[in-house]
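Working notes, structure below.
The values are calculated or read from the model by the stated rules, or taken from the named source; none is laboratory data. Every value quoted in this text rests on a predicted model; they were computed, and no experiment measured them. Positions of Cβ are backbone-derived with ideal geometry, glycine not excepted, and every protein chain shown enters the neighbour counts. The protein model used for the area step is the full one, side chains on, heavy atoms only, and it has no ligands, DNA or RNA in it. Shrake-Rupley method; radii C 1.70, N 1.55, O 1.52, S 1.80 Å.
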Amino acid sequence: MSIVESIKEIYSELPEGVSLVAVSKTKPNEMIIEAYNSGHKIFGENKVQDLSRKYEELPKDIQWHFIGHLQRNKVKFIAPFINLIHALDSERLLQTINNEAEKCNRKISCLIQLRIAKEETKFGMTLSEIESMLNSETFKNANNTVIAGVMGMATYTDDEEQIADEFAELQQVFNYLKEKFFRENPEFKEISAGMTDDFHIAVKYGSTLVRVGSRIFGERN
Ligand SMILES: *Cc1c(COP(=O)(O)O)cnc(C)c1O
């Protein structure tokens, strides 16, 4: 199936209002252009160097999302153009993002990554770390950062019940944070959840942004 057909098919499987981030990491510009020419504008990358190069080489109206763990010393390279950072995972990273956004005279939108997977290896914050960040001076003074919602990655497993439990937890935490910290704030609205193998489950638990790579662009090496 072609890239364009895959994107169409995925959209036909998504509920109204859910957006697709086409995860183009490791894939060449030609493939991105193919999707872009069919009207798709949102792409996700997880390496700063690759993203910076693709940003320079590809059309400027692409909305680039950074989807992986972001090192603080690399924020400055993407700050001028990044559309959404999916994996805010520490208060220190928030401070850095805000500083770099201020230097660029813009606001940067971020999603807080909640650790939902039972695996030890996944990045992300616990709920208590998130609450402590949202109660901090860092957050109160982060005028160039928009917290646009939450993100989570489920455990890599065939156990669909476990995946469902983890996405349900993400949705509950989203609702809790919305009520407690973002009540009057319409910008806090996204739940980034679901990849090629589990987005069908994620959308049942309120995902508004699915991040799909291999289903569109083929397997990665
Ligand atoms: C690679 C990646 C994806 C896409 O994974 P696929 O299984 O290829 O759809 C989604 N989210 C993150 C954070 C990733 O690193």
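Amide H contacts for residue 146 (H built 1.01 Å from N in the peptide plane; partners 5 or more residues away or on another chain; cut-off under 5 Å): 108, 109, 110.
Per residue, the solvent-accessible area of the chain (1.4 Å probe, heavy atoms of protein chains only, all protein chains present) comes to 50 Å².
Phi angles of segment 66-79 translate, via the Karplus equation with coefficients 6.51, -1.76, 1.60 and θ = phi - 60°, into HN-Hα couplings of 9, 10, x, 5, 10, 7, 4, 6, 10, 4, 4, 6, 10, 4 Hz per residue; Gly and Pro are given as x. Which whole-Hz couplings ³J(HN,Hα) result when phi for each residue of segment 137-154 is put into the Karplus expression 6.51 cos²θ - 1.76 cosθ + 1.60, θ = phi - 60°, listed in order with x for Gly and Pro? These are the phi-based 3J(HN,Hα) values: 5, 3, 5, 4, 8, 7, 6, 9, 10, 10, 8, 9, x, 10, 9, x, 10, 6 Hz. Spin-label model, residue 185/residue 90: points 7 Å from Cα along the beta carbon direction are separated by 2.2 nm. FRET efficiency for the residue 165 to residue 105 pair, using the beta carbon distance and R₀ = 35 Å, is estimated at 0.25. A Stokes-Einstein calculation at 10 °C with viscosity 1.306 mPa s, built on the Kirkwood radius of segment 1-100 over Cα pairs, returns a diffusion coefficient of 110 µm²/s.
Expressed as a whole percentage, what fraction of the accessible surface of the chain belongs to carbon and sulfur atoms when a 1.4 Å probe is rolled over the protein heavy atoms? Answer for the chain: carbon and sulfur cover 46 percent of the accessible area.
Restricting segment 80-140 to GluC sites (Glu not before Pro) that sit in a DSSP loop and have at most 16 other Cβ atoms within 10 Å of their own Cβ leaves 119, 120. In this structure, the amide hydrogen of residue 213, modeled 1.01 Å from its nitrogen in the peptide plane, lies closer than 5 angstrom to those of 23, 196, counting only residues at least 5 positions away or on a different chain. When the chain is treated as a GNM with alpha-carbon contacts under 10 Å, the residue of 65, 40, 86 showing the greatest mean-square fluctuation is 40.
In the chain, the sites counted are chymotrypsin sites (Phe, Trp or Tyr not before Pro) in DSSP loop states with at most 15 other Cβ atoms within 10 Å, and the longest stretch holding none of them, exclusive of the sites, is 1-122. Of the candidates 68, 152, 17, which one comes out as most mobile in a Gaussian network treatment of the chain with C-alpha springs shorter than 10 Å? Judging by the Gaussian network model, the answer is 17. Once every Cα of the chain carries one equal point scatterer and solvent is ignored, give the base-10 log of I(q)/I(0) from the Debye formula at q = 0.10 Å⁻¹, two decimals. Log10 I(q)/I(0), no solvent term: -0.42. Put a dot 7 Å past the Cα of residue 220, heading toward its Cβ, do the same for residue 200, and the two dots end up 2.3 nm apart. Note on the chain: GNM, Cα springs under 10 Å; of 33, 116, 85, the largest mean-square fluctuation is that of 33. Modelled spin labels at residue 172 and residue 26, positioned 7 Å past Cα toward Cβ, are 3.5 nm from each other. Would you mind finding the longest exposed-site-free stretch of the chain, with exposed trypsin sites (Lys or Arg not before Pro) meaning DSSP loop and at most 11 other Cβ atoms within 10 Å? Counting only loop sites that pass the neighbour cut-off, the longest clear stretch is 61-182. Residues whose amide H comes within less than 5 Å of that of residue 190, counting only those at least five positions distant or on another chain, are 149, 150 (H built at 1.01 Å from N in the peptide plane).
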